[in-house]
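To keep things clear, I will list the structure first and then write my remarks on it.
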Amino acid sequence: MARGTSALPSWKALPAILLLVITACTGGGEASPGADGGANGESDAPTESGDGGGLSGSVTVVHAWAGAEGEAFQSVVDGFTEANPDVQVELRQVPFDDLNSQVIQQFAAGTPPDVVSTLPGLIHSLAAQDLLMPLDDVWDGWVESGEYSEAFRTIASHEGTAYGVFFKGNINGLIWHRNDVMEELAIAATEGWDDFIAMLDEIQADGTYDPFAVGAADVWVPTQWSDTFLAKTAGAEVFNGLIDGSVAWDDPAVVEAYTELRDFIQGYWPDDALDVGFTDANCAWASQGEAAFQNQGAFVNLTTPANCGEDLDPESDYTFFEMPAPNDEFSDVHFVSGDLFSVAKDTDNPDAAKAFAAYLGSADAQAVWAELGGFIAPNATTDPSVYPTENDRKAAELFTSGTAVYDLDDAIGGEIQSVEREQLAALIASGDVDAFIQAMVEVDERVRGE
Amino acid sequence: MSGLRRSIGGVWWIYLLLVLFSILWLVPVMTVLMTAFRPLSEIRDGWWNLAGATFTLDNFVGAWSEAELGSKAINSAIITGFSVAATVTVGALASYAFVRLRFTGRGLLYFLLISTMIVPVQIILIPLLPWFRTLGFADGTWQPFLGMVLVHTAFGLGWAVFMMGSFMAGVPRELTEAGQIDGAGHWGIFSRIILPLALPGIVSFAIIDFVFVWNDLLLGLTLLDADHAPLTVGIANLQSAHLAQQDVISAGALLAILPPLALFVALNRYYVRGLFSGGVK
Amino acid sequence: MAGVIRAVGRARARGEGRARPGGTIAYLFVLPAALVFALFYLWPALNTVLSSFFTWSILAPWQLADPATWQFAGLGNYVEVLTDGRFWNAAFNTAIWLVLFPIIATVLSLAIAIGIWEISRGARALRTVFVLPMTVSLTAAGVLWVLVFNPDFGVLPAALGVFGLDGANIDIGPLHLRLSEWLSNPGTLELGFATVNLVNLSAIMPAVWALTGFGVISFTAGLTAISPELIEAARLDGANRFQIARHVVVPQLRGAMVIVAVVFVIYALRTFDVVWVTTQGGPGTDSEVVAILLWREALAFFDSPSAGQATAIAVLLSAVMVIGAYPYLRSLLREAPE
């Protein structure tokens, strides 16, 4: 019962003690993130940037490539470290499905990598918080020398300033298949949408193969399909309008595209699409003989031998044709995507990090992977002969032809991207286009306001 | 003691059911053992095909080095080891205070501590991210570990005080009174009388805390970067990648399962006894 | 809460001689704990509650010390959360967990505990089989079960295949079973007002597998406490095994059943690990539980500052758990060492 006769303060003094502890600890810690630009240990005077021999230190790079693609990226990195022997590049791979949240988490924790794989949506959010290094000077040089067009620069920019570099290009909407299967099914090349449907009906009637293998367990796979349908049914204007918000999700053209998609799914997709991942789907047509086609990107050229058997030869065993357009008017609209890289503003090694990013955007770096296959170099000055197989050359040609639209959900990012991926899965399961459109309208309103 | 079997017959069908059920219960374990110790090509048609089964440790090698689960296992060991040590130490001291001493705020603090046994970890999760940053725990080689240890300790104190406290309260008063008569101060009583006698309870708690910290996913996923991430995060990331690398994931899962399992097997009765002083986290 | 503290204080007063006045020493004993607890639990918890009244993004976090960055939202976050269809979807999935998991796990562990209690030999070995999975993290348990569900080499599809049931469509009233695609669409249950995707069960199963052991241990302890005379008396009255189990044993275990059920309910409310590893809340949001939505709101939805909503969800979840488990909390406190 005796209270407080001791010399020590009672428990009520604990908060005061805590405050002392907190202020003592924050003395060495970082200031609030982002708000005060550049006061955190960044060197102001760039010393000898661009002089390869002068770069040193370490650069951490976060990316989302695993397996064969991861190895290919390592080769690209090796090209940089050979030219800059004093720089150590440390690669960290995260699962692609989690790329957004992992990157956000690292920036939020204040420990971002020096160079990070990004997509336009992510670039917008990070740049809005002043977390990325502007790369305008690099882009000025590129546009001048014709390595990239202004259109590319815009995709990599936020509010007029460039914050990313393009590294890996890809074109989607490619219907991959084995040559011998096409022969076996005695299918002639298709011209146009109706022919395509007729062919699929034949394959289904025949029954030996599923028309398509789809890896919808990976959340990004259904967007490969939806963007293809959107681009080739509704056209580039509507597509880009969805990205910048000028077109609403319940626009009739949009609804038509997704209805077309839903019908196709119900007609020609396998029942277990949502249970099977990309890798297994890849092998379902390439080596397991279960399906005839897979609608995917150009990178499949590289992943197929790695995943399904090294004896598979891209030249002779398998190839692709581009999916015809449901709407003839838009047959030359191509749905492309790409991987960009950005530099963290708070990097400890700004010179090396920036140089590495610039390297990634260069024709030399891109040629390294291009030679391995399954890679399209966005840099226009890349020597076309680097492409090792006919498949890669065909894809690269398509990439620069016609009208290109950039991956929709990657371009928007954030909650809208998350919701679209989830709602697509729901659409696949239920076939309810109205529910999908409604959900997208709601999230669009919620995130972008009226 | 089962009082029925001797007097009433017909226990064989209970046996049958139980044995069948326990076989079913072991299926996931068999699956992971087979998938981890055999090459993936053999497993593709079903691990129950035992003809020509080969044994390999390649998957473990792959998991340890290529999938970098080795360094993550070491991270887990560091985090868990220090967390348990810290929680036991700090918790034992605090338990003694709650049980044997009176001080202002005792009731309130005890209430707050006990409530952590019910409130989910999400109540502290999100602000911890910027908080780590402010405290300087987000960066560096050892700082993130220190931060994690402190968070796990804070989160485990409720359990610590509840479990260890009840064991300490069970120490007979005569013993402590004898110590007082002998002139021992609180520290003496604590270290020489209470601690040794409450040791089983402390060990029980240590085991439970070990299992809990070792198996944590959310805190590691949210607060730690790739260099410091624990094994659970490594496995979860492997799984989300859908890379059809079931062999490596299985080996990794076994790596994650073995330490707590070994601990349990070795110190079985402590674990069970500890669980009995309350619910499970 | 004040009532609880008073109760503790009264108990303290009753046990007058038990705990000595601590003085300085008491504070030294409790200071490290209090410090760590305050810094790494109380303050973050307070921060969660406070920041739920502001609009902020994890990239520009809410800070008490920096009023200039505050964007007061009042109850706005709570309103947004409680009017968000996605939140209610997550709440619905969590409710499924809340109902199914404790029931399945409690009934199963009760049956197993009683079964083992009835036999003499091998009891220990059998019990070990069911208890050992408790040491397996829910993450690893999820990974193990993904292997079991695997359409190509998983035991479940293969076993069903033996009976020709793999992929079979079975319709029983409102229940539509598909018995395949365990991780995306194993079947649905029509509830009139909603359609439940049974994929939630695919996440619940690993949790049942891993945590039933707790029930087994608890019930075993309860069983050993039943006095043999009660059983003898019932047997003498001519009761058979079942009747004894039903009318004598189970009622005696009521206390244990409550505790076990409450612990399982608490787990069900905050489950994250096993869902994250098996379905990631998918397909779409069909198995997204509140804990996963919270994580996504904080870290994945970066196009709008939604961390305030994430903390609001955390507060709501905690409130539900504290209110729901309040009687349990009181009983824990009553056991407080005096």
Subset of segment C:275-301, residues assigned to a loop (DSSP other than H, G, I, E, B), more than 7 Å from every other protein chain (Cβ to nearest Cβ) and among the hydroxyl-bearing types (Ser, Thr, Tyr), comes to C:THR279, C:SER287
For A:SER362, state whether it is under 30 Å from A:ASN84 (Cβ atoms), of a type in the set (Ser, Thr, Tyr) and surrounded by fewer than 23 Cβ atoms within 10 Å (Cβ to Cβ). yes
In segment B:222-235, anything outside any loop (DSSP other than H, G, I, E, B), aliphatic (A, V, I, L, M) and more than 9 Å from chain C (Cβ to nearest Cβ) is listed as B:LEU223
Flagged in segment B:22-44 as within 7 Å of chain C (Cβ to nearest Cβ) and of a type in the set (Val, Ile, Thr), in numbering order, are B:VAL27, B:THR31, B:VAL32, B:THR35, B:ILE43
Regarding C:TRP88, is this residue closer than 30 Å to C:LEU201 by Cβ, in a helix (DSSP H, G or I), free of Cβ contacts under 8 Å to residues at least 60 places away in the same chain and not acidic (Asp, Glu)?
yes
Residues in segment C:54-75 that are crowded, with 17+ Cβ neighbours inside 10 Å and free of Cβ contacts under 8 Å to residues at least 60 places away in the same chain total 1
Given (1) closer than 29 Å to B:ALA236 by Cβ; (2) at pLDDT 85 or above, C:VAL196 misses just (2)
Scanning segment C:22-55 residue by residue, those within 7 Å of another protein chain (Cβ to nearest Cβ), part of a helix (DSSP H, G or I) and within 17 Å of B:THR104 (Cα to Cα) turn out to be C:THR24, C:ILE25, C:ALA26, C:TYR27, C:PHE29, C:VAL30, C:PRO32, C:ALA33, C:ALA34, C:PHE37, C:ALA38
Of A:ASP86, A:ASP78, the only residue that is among the charged types (D, E, K, R), within 19 Å of B:GLU66 (Cβ to Cβ), surrounded by fewer than 22 Cβ atoms within 10 Å (Cβ to Cβ) and at pLDDT 90 or above is A:ASP78
A:ALA292 fails exactly one of (1) touching a Ser or Thr at 6+ places or on another chain (Cβ under 8 Å); (2) surrounded by 23 or more Cβ atoms within 10 Å (Cβ to Cβ); (3) closer than 30 Å to C:GLY167 by Cβ; (4) more than 14 Å from chain B (Cβ to nearest Cβ), namely (1)
Inside segment B:162-221, the number of residues satisfying the requirement of being under 27 Å from B:VAL265 (Cβ atoms) and not in a helix (DSSP H, G or I) is 4
Of the listed residues (C:VAL196, C:VAL248), the one being touching a helix residue (DSSP H, G or I) at 6+ places or on another chain (Cβ under 8 Å), of a type in the set (A, V, I, L, M) and in contact (Cβ under 8 Å) with a residue 24 or more places away in the chain is C:VAL196
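Which of the following residues is more than 12 Å from every other protein chain (Cβ to nearest Cβ), more than 29 Å from C:ALA291 (Cβ to Cβ), out of contact with any His (no Cβ under 9 Å at 6 or more places or on another chain) and outside any helix (DSSP H, G or I): B:PHE55, B:PHE60? Walk me through it before giving the result.
Values: B:PHE60 fails: outside any helix (DSSP H, G or I).
From the options B:PHE55, B:PHE60, the qualifying one is B:PHE55.
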Log entry, pairs with first residue in segment C:221-243 being within 9 Å of chain B (Cβ to nearest Cβ), second being β-branched (Val, Ile, Thr) and assigned to a loop (DSSP other than H, G, I, E, B), beta carbons closer than 6 Å, six or more apart or on different chains, reads C:ARG241/B:ILE8
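Name the helices (runs of 4 or more DSSP H) wholly within segment A:105-211 that hold at least 3 residues that are assigned by TED's automatic domain parsing to the domain that holds A:ASN295?
Counting at least 3 such residues, we get A:179-184, A:193-206.
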Filter segment A:397-433 for residues that are over 20 Å from A:ASP250 (Cβ atoms), touching a residue at least 24 places away in the same chain (Cβ under 8 Å) and of a type in the set (Asp, Glu); the one that is nearest to the other protein chains (Cβ to nearest Cβ) is A:ASP410
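How about segment C:283-323: which of its residues are small (Gly, Ala, Ser) and under 22 Å from C:ALA194 (Cβ atoms)?
Looking only at segment C:283-323, we keep the residues that are small (Gly, Ala, Ser), and these are C:284, C:287, C:291, C:298, C:300, C:304, C:306-308, C:310, C:312, C:314, C:318-319.
C:GLY284, C:SER287, C:ALA291, listed by residue number.
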Note on segment A:84-98: residues part of a helix (DSSP H, G or I) and in contact (Cβ under 8 Å) with a residue 40 or more places away in the chain are A:PHE96, A:ASP97
query: In this structure, does C:THR285 turn out to be touching a Pro at 6+ places or on another chain (Cβ under 8 Å) and farther than 30 Å from C:LEU223 by Cβ?
result: no
Given the conditions (1) more than 22 Å from the chain's Cα centre (by Cα); (2) of a type in the set (A, V, I, L, M, F, W, C); (3) buried (at least 24 other Cβ atoms within 10 Å of the Cβ), every one holds for C:LEU223 apart from (3)
Pairing a residue in segment C:117-145 that is without any contact (Cβ under 8 Å) to a residue 40 or more places away in the chain and within 7 Å of chain B (Cβ to nearest Cβ) with any residue that is of a type outside the set (D, E, K, R) and part of a loop (DSSP other than H, G, I, E, B), where Cβ atoms lie under 9 Å and the two sit 6 or more apart in sequence or on different chains, gives C:ILE119/B:SER2; C:ILE119/B:VAL11; C:SER120/B:MET1; C:SER120/B:SER2; C:SER120/B:VAL11; C:LEU126/C:ILE119; C:THR135/B:ASN215; C:ALA140/B:ASN215
- Hey, does segment C:7-14 have a residue that's at the interface with chain B (Cβ under 8 Å from one of its Cβ atoms), at pLDDT 80 or above, under 24 Å from B:LEU112 (Cβ atoms) and touching a Gly at 6+ places or on another chain (Cβ under 9 Å)? no
(1) more than 10 Å from chain C (Cβ to nearest Cβ); (2) over 19 Å from C:ASP273 (Cβ atoms); (3) at pLDDT 85 or above all hold for B:VAL213 apart from (2)
The residue that is nearest to B:LEU128 (Cα to Cα), considering only those in segment C:21-53 that are touching a residue at least 24 places away in the same chain (Cβ under 8 Å) and among the β-branched types (Val, Ile, Thr), is C:THR48
Residue set B:ILE114, B:ILE124; condition more than 20 Å from B:ALA206 (Cα to Cα) and in contact with a helix residue (DSSP H, G or I) (Cβ under 9 Å, 6 or more places away or on another chain); output residue B:ILE124
Yes or no: C:ASN93 assigned to a helix (DSSP H, G or I), assigned by TED's automatic domain parsing to the domain that holds C:MET321 and in contact (Cβ under 8 Å) with a residue 40 or more places away in the chain?
no
Only unsatisfied item for B:LEU238, checking (1) aliphatic (A, V, I, L, M); (2) more than 30 Å from B:LEU108 (Cβ to Cβ); (3) in a helix (DSSP H, G or I); (4) modelled with pLDDT of 90 or more, is (4)
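The values are calculated or read from the model by the stated rules, or taken from the named source; none is laboratory data. This one's a predicted model, so the numbers in the text were calculated from it and none came from an experiment. Backbone-built Cβ (ideal geometry, glycine too); neighbour counts: all protein chains shown.
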